[in-house]
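The values are calculated or read from the model by the stated rules, or taken from the named source; none is laboratory data. Being a predicted model, the structure only gives us computed values, none of them experimental. Cβ coordinates were reconstructed from backbone atoms using ideal geometry, including for glycine residues, and neighbour counts include every protein chain displayed.
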Amino acid sequence: MPPKTPWRFPLDPGIVYMLLASLSFAFMGGFAKVLSQSLPPLEVTFFRNVFGVIFVVASLGKYPLKQTGGKPWLLLFRGTIGFLALLAYFYDFAHIPLANAVTYNKTSPIFVAIFAYLFLGERLSRTGWLAIGVGFVGIVLIAQPAGIDFGKYDLLGIFSGIGAALAYTSIRELRRYYDTRAIVLSFMGVGTLGPVVLMMLSEYIHPPELDFLLARFVMPTGTLWLYALAVGTFATVSQLLMTKAYEHTQAGIVGTVSYSNIVFAVAIGVFLGDPFPDLWTALGMVLVIGSGLMVAMKRNML
């Protein structure tokens with residue numbers, strides 16, 4: 001008898017890790033959405049980051065940082081813009097369907113291509129410009145503005161994508177000087193201290209139009225503590241799984257698979273009571289996904 005061929009898992013490990021990371025991100029969004037009905041998004045942002053800070057700081061004792069440093073202001077910029085983008089993202093969770101908020105945030109590859117062209121001198125092909133155009137059409141279809149008037153939640157959603165793109169673009173420079181954990185800590189550290197400072201300021205100033213930025217602390221009770229723990233846990237697990245995905249598979253492939261997050265967000269959002277996306281919103285999501293795939297595949301070919 002011929003020897004048996006050992007069974008192998010049919011999918012690339014990197015793809016599996018990214019699918020699990022996307023599912024975990026979607027669960028984080030679902031718990032954040034539920035938690036945001038009782039706690040201000042600013043406070044939810046705090047809980048999302050504080051567990052990650054504990055995990056990274058704990059790792060420093062076992063594996064010290066290996067870096068040259070020298071870009072403190074850029075590191076602070078990465079942490080601050082990442083925190084503000086996340087805050088806008090979580091604020092939208094409380095006010096619009098989960099899938100819409102996730103899709104807005106997933107426009108970040110479109111803006112990364114633009115910022116890399118403007119600030120890093122990277123060449124942008126005709127395919128890249130086409131991808132950007134397709135992505136912006138998708139944004140308009142999701143927002144469905146009255147004329148050219150985008151609503152507050154749409155603008156914050158778009159900003160979450162822009163902010164994430166600026167953070168990702170800065171990482172390209174920072175990784176030449178800093179350990180990955182230092183870069184992550186800059187984001188989670190600001191995302192932990194920032195909400196504390198803003199909640200303290202909110203005791204004295206709290207204009208209604210800045211409710212996405214300023215909010216008073218609300219003490220969680222009962223199951224809200226479990227939801228807060230779930231937000232932090234799923235966020236940390238997602239980051240770990242995503243890191244493993246990039247270790248095993250090419251970045252272009254992993255980036256493509258990451259768009260499964262939108263599909264998971266639609267399912268979880270509908271389960272939580274969100275309306276199923278209408279035709280135009282669904283088409284907008286498809287266009288945003290398509291534009292992101294065009295950017296990812298083009299970059300993977302270069």
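Observations on the model:
- Subset of region 31-70 that is free of Cβ contacts under 8 Å to residues at least 12 places away in the same chain and of a type in the set (G, A, S) - its residue that is farthest from V102 (Cα to Cα): G61
- Residue check for K71: within 27 Å of M219 (Cβ to Cβ), of a type in the set (K, R) and over 13 Å from the mean Cα position of the chain (by Cα): no
- So F271, is it surrounded by 14 or more Cβ atoms within 10 Å (Cβ to Cβ) and either over 13 Å from L19 (Cα atoms) or touching a Pro at 6+ places or on another chain (Cβ under 6 Å) (or both): no
- A single entry from T243, T223 fulfils the requirement of being among the polar types (S, T, N, Q) and over 16 Å from the mean Cα position of the chain (by Cα): T223.
- The residues in region 112-131 that are under 19 Å from the mean Cα position of the chain (by Cα) and either buried (at least 21 other Cβ atoms within 10 Å of the Cβ) or small (G, A, S) (or both) can be counted, and the count is 3.
- Entry remark, region 175-188: residues being more than 18 Å from S59 (Cβ to Cβ) and crowded, with 21+ Cβ neighbours inside 10 Å number 0 in total.
- Taken residue by residue, region 260-272 has at least one member that is in a loop (DSSP other than H, G, I, E, B) and either over 24 Å from Y153 (Cβ atoms) or aliphatic (A, V, I, L, M) (or both).
- Considering (1) under 19 Å from A167 (Cβ atoms); (2) in contact (Cβ under 8 Å) with a residue 40 or more places away in the chain; (3) surrounded by fewer than 24 Cβ atoms within 10 Å (Cβ to Cβ), the lone condition that W73 does not fulfil carries the number (2).
- Pair list, Cβ < 8 Å and 6+ apart or interchain, from region 263-279 residues that are in contact (Cβ under 8 Å) with a residue 12 or more places away in the chain to residues that are buried (at least 18 other Cβ atoms within 10 Å of the Cβ) and charged (D, E, K, R): G269/K33; L272/K33
- Scope region 153-168; condition over 14 Å from the mean Cα position of the chain (by Cα) and in contact (Cβ under 8 Å) with a residue 40 or more places away in the chain; matching residues: Y153, D154
- Residue ID - modelled with the lowest pLDDT, chosen from residues in region 3-29 that are surrounded by 10 or more Cβ atoms within 10 Å (Cβ to Cβ) and over 17 Å from the mean Cα position of the chain (by Cα): L11
- Residues in region 95-125 that are polar (S, T, N, Q) and more than 26 Å from A265 (Cα to Cα): S125 only.
Residues are listed down the side, and each one gets a yes or a no for (1) in contact (Cβ under 8 Å) with a residue 40 or more places away in the chain; (2) β-branched (V, I, T); (3) farther than 30 Å from L279 by Cα:
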position	(1), (2), (3)
K106	yes, no, no
A113	yes, no, no
G121	no, no, yes
L174	yes, no, yes
I183	yes, yes, yes
M188	yes, no, yes
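- Where helices (runs of 4 or more DSSP H) fall entirely within region 4-122, those with at least 1 residues that are basic (K, R) and under 27 Å from V137 (Cα atoms) are at 13-35.
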